[in-house]
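Peer 1: Below is the structure I would like to discuss, written out as structure tokens.
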Amino acid sequence: MDLDFTFNKYGKLCQTIANSGYSECTVKSYFSESHNHVIILRHDVDRIPGRALEMARMENEYGLLSTYYFRTIDEVFKPDIIRKIANLGHEIGYHYEVLDKMNGNHEAAIKLFEKELEKLREIAPIVTACMHGNPLKSWSNKDIWNYYDFTQYNIIGEPYISIDYNKVKYFTDTGRSWNNTKYSVKDKTNFNQLRLENSDKLIQLIKNETYPEICILTHPNRWSETRIQWIKEFIFQNIKNIIKIGINTYK
Ligand SMILES: [Zn+2]
């Protein structure tokens with residue numbers, strides 16, 4: 001059986017990107033250099049940082065560079081792992097959740113933003129930041145930028161704010177498929193997202209070069225290296241998805 005959302009499948013995705021007519025880049029590079037016909041690769045490291053390192057190594061084998069957004073919670077903030085990923089040439093970004101942590105208080109949240117950013121900058125240069133989505137909160141972490149300006153903190157871009165999704169087709173690995181809006185509460189963009197039921201469809205779309213600019217967001221913890229991990233993740237995501245359906249229905 002050809003399981004989806006495995007490292008094996010991710011390798012096929014990497015190979016397709018590497019062999020395609022697209023150029024490929026990090027979020028930082030997308031904001032700072034001119035690109036067309038490009039695939040932006042981005043990851044949110046929400047948990048199991050070791051798996052992000054494995055993914056980073058795999059991309060490196062295919063000559064790909066991507067951006068890894070790290071949360072600063074103890075479970076994820078592992079300097080050794082972050083350093084190893086940065087040493088492969090990947091970009092490290094800050095996956096902030098300061099409004100969640102400060103219960104919606106934006107003054108306290110921006111102070112924490114500064115502090116956590118500094119902590120990450122001790123390990124790697126950070127020039128982009130991307131919000132973490134918590135489906136259980138009534139606000140979105142990026143709402144902090146209604147009060148403050150991230151460029152003041154030497155951040156050149158925030159993927160949810162600075163990328164024009166009219167131009168860039170966005171794909172995220174939600175609900176064991178791509179762009180499954182039934183399951184995505186916060187990490188969706190406001191533009192029409194194309195739902196793909198499996199990674200083979202995404203691979204085909206890249207081969208066909210259907211869209212000039214693409215951004216692919218993956219969560220390394222949702223991709224399994226072994227069959228046991230796959231089963232564990234399958235159960236975990238199913239429980240989470242039931243909760244998310246509840247939230248979306250309630251909203
Ligand atoms: Zn996240």
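Every number here is computed from the coordinates shown, using simple stated rules; none is lab data. The model shown is predicted, which means the values in this text are computed figures rather than measured ones. In this analysis, Cβ positions are derived from the backbone assuming ideal geometry, glycine residues included, and neighbour counts consider all displayed protein chains.
Peer 1: Per-residue ellipticity at 222 nm for the chain, helices alone: DSSP H runs ≥ 4 residues times -39500 (n - 2.57), over residue total, nearest 500 deg cm²/dmol?
Peer 2: One gets -12000 deg cm²/dmol as the mean residue ellipticity at 222 nm.
Peer 1: If each of Glu75 and Glu197 carries a label point 7 Å out from its Cα toward its Cβ, how far apart are those two points in nm?
Peer 2: Result: 3.2 nm between the two label points.
Peer 1: To one decimal place, what orientation-averaged projected area in nm² is obtained for the convex hull of the Cα set of the range 7-250?
Peer 2: Answer in nm², one decimal: 12.4.
Peer 1: Can you work out the FRET efficiency for the pair Lys207 and Arg227, with r the C-beta to C-beta distance and R0 = 35 Å, to the nearest 0.05?
Peer 2: 0.80
Peer 1: Which entries of Lys201/Lys240; Lys9/Lys244; Lys101/Lys232; Lys182/Lys244 have Cα-Cα distances beyond 18 Å here?
Peer 2: Over 18 Å Cα-Cα: Lys201/Lys240; Lys9/Lys244; Lys101/Lys232.
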